[in-house]
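Enquirer: The structure under discussion is supplied below as structure tokens; questions concerning it will follow.
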Amino acid sequence: ILNVEQSPQSLHVQEGDSTNFTCSFPSSNFYALHWYRWETAKSPEALFVMTLNGDEKKKGRISATLNTKEGYSYLYIKGSQPEDSATYLCAFGTGTASKLTFGTGTRLQVTL
Amino acid sequence: EPEVTQTPSHQVTQMGQEVILRCVPISNHLYFYWYRQILGQKVEFLVSFYNNEISEKSEIFDDQFSVERPDGSNFTLKIRSTKLEDSAMYFCASSMGWTGTDGYTFGSGTRLTVV
């Protein structure tokens with residue numbers, strides 16, 4: 001059974017704070033690690049897909065890193081804004097299966 | 001920007017009834033998926049579909065579940081005889097590549113409530 005864990009479960013920060021979350025996943029049989037942003041009542045939106053150890057990706061104020069040898073990925077948000085409030089999901093894919101295994105998500109709330 | 005659309009957004013059904021959840025994936029995507037999230041739990045995989053057949057299914061996807069792509073645009077999930085434990089948010093997704101190396105595009109979900 002593949003286990004994907006995310007921490008923290010929830011986070012409450014003030015506008016302007018920088019923050020980061022962790023996703024840990026099995027280090028064997030790795031193929032891809034996805035990050036999604038999921039706002040309430042909307043569909044999960046793909047942020048990043050990373051496939052290589054040491055990958056770093058950036059989209060605006062959000063960036064992510066990947067360590068496949070030790071089985072973790074970090075998502076960073078610089079200068080959080082209220083519109084960043086959402087649940088951030090990571091999902092792990094192996095090369096032998098066509099499915100993603102999701103973590104429980106980190107629920108971020110950014111207040112003024 | 002292309003979207004995956006799901007209908008209905010909410011469905012309430014009686015236990016034992018059949019339901020069909022509908023999805024229109026992105027037109028040039030090749031892989032199609034159904035996932036679900038029971039309230040308070042993780043998003044979990046149900047089934048993947050490629051080249052007009054099931055690629056993979058989870059242990060949840062038993063004989064009560066079936067998928068179909070009847071007309072080249074719609075992708076449906078049928079639950080033949082719903083149980084209380086089928087109550088969940090059901091998400092359809094599509095991707096261009098295997099295990100979504102470009103990322104999945106998700107629909108906004110159908111909330112199924114079985115009473």
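Enquirer: Can you pull out the residues in segment A:14-47 that are under 19 Å from A:Asn67 (Cβ atoms) and free of Cβ contacts under 8 Å to residues at least 24 places away in the same chain?
Expert: Correct list: A:Ser28 only.
Enquirer: Among the residues of segment A:10-27, how many are surrounded by 12 or more Cβ atoms within 10 Å (Cβ to Cβ) and outside any strand (DSSP E or B)?
Expert: Going through segment A:10-27 one residue at a time, the tally reaches 5.
Enquirer: Quick one: in segment B:76-103, which of the residues that are β-branched (Val, Ile, Thr) and not in a loop (DSSP other than H, G, I, E, B) is modelled with the lowest pLDDT? Walk me through it before giving the result.
Expert: So in segment B:76-103, the residues β-branched (Val, Ile, Thr) come out as B:76, B:79, B:82, B:99, B:101.
Cutting the leftovers down to not in a loop (DSSP other than H, G, I, E, B) gives us B:76, B:79, B:99.
Details: B:Thr76: 97, B:Ile79: 98, B:Thr99: 71.
This residue is B:Thr99.
Enquirer: I'd like the residue in segment B:30-47 that is buried (at least 21 other Cβ atoms within 10 Å of the Cβ) and under 14 Å from B:Gly97 (Cα atoms) and, out of all such residues, is nearest to the other protein chains (Cβ to nearest Cβ).
Expert: Restricting to residues being buried (at least 21 other Cβ atoms within 10 Å of the Cβ) and under 14 Å from B:Gly97 (Cα atoms), the top hit is B:Tyr33.
Enquirer: Right, next: Taking A:Leu11, is it touching a residue at least 12 places away in the same chain (Cβ under 8 Å), at the interface with chain B (Cβ under 10 Å from one of its Cβ atoms) and not hydroxyl-bearing (Ser, Thr, Tyr)?
Expert: no
Residue by residue, here is whether (1) small (Gly, Ala, Ser); (2) farther than 18 Å from B:Val114 by Cα holds:
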residue	(1), (2)
B:Cys23	no, yes
B:Ile26	no, yes
B:Phe49	no, yes
B:Ile60	no, no
B:Ser87	yes, no
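Enquirer: Okay, moving on. Residues that are within 12 Å of chain B (Cβ to nearest Cβ) and surrounded by 18 or more Cβ atoms within 10 Å (Cβ to Cβ), at least 2 per element: which strands (runs of 3 or more DSSP E) completely within segment A:35-112 meet that?
Expert: A:45-50, A:86-93, A:100-102
Enquirer: Okay, next question. Of everything in segment B:84-114, what is touching a Leu at 6+ places or on another chain (Cβ under 8 Å) and either among the charged types (D, E, K, R) or more than 14 Å from chain A (Cβ to nearest Cβ) (or both)? Give them in sequence order.
Expert: Within segment B:84-114, B:Asp86, B:Ser87, B:Leu112, B:Val114 meet the criteria.
Enquirer: Could you tell me whether any residue of segment B:75-83 is within 9 Å of another protein chain (Cβ to nearest Cβ), touching a residue at least 24 places away in the same chain (Cβ under 8 Å) and of a type in the set (Gly, Ala, Ser)?
Expert: no
Enquirer: Quick one: is A:Phe30 farther than 23 Å from B:Trp34 by Cβ and in a loop (DSSP other than H, G, I, E, B)?
Expert: So A:Phe30 passes the test.
Enquirer: Still on this model: Taking B:Ser55 as the residue in question, decide whether it is touching a strand residue (DSSP E or B) at 6+ places or on another chain (Cβ under 6 Å), hydroxyl-bearing (Ser, Thr, Tyr) and either part of a loop (DSSP other than H, G, I, E, B) or surrounded by 16 or more Cβ atoms within 10 Å (Cβ to Cβ) (or both).
Expert: So B:Ser55 passes the test.
The values are calculated or read from the model by the stated rules, or taken from the named source; none is laboratory data. Every value quoted in this text rests on a predicted model; they were computed, and no experiment measured them. Using ideal geometry, Cβ is built from the backbone for each residue, glycine included, and neighbour counts are taken over all protein chains shown.
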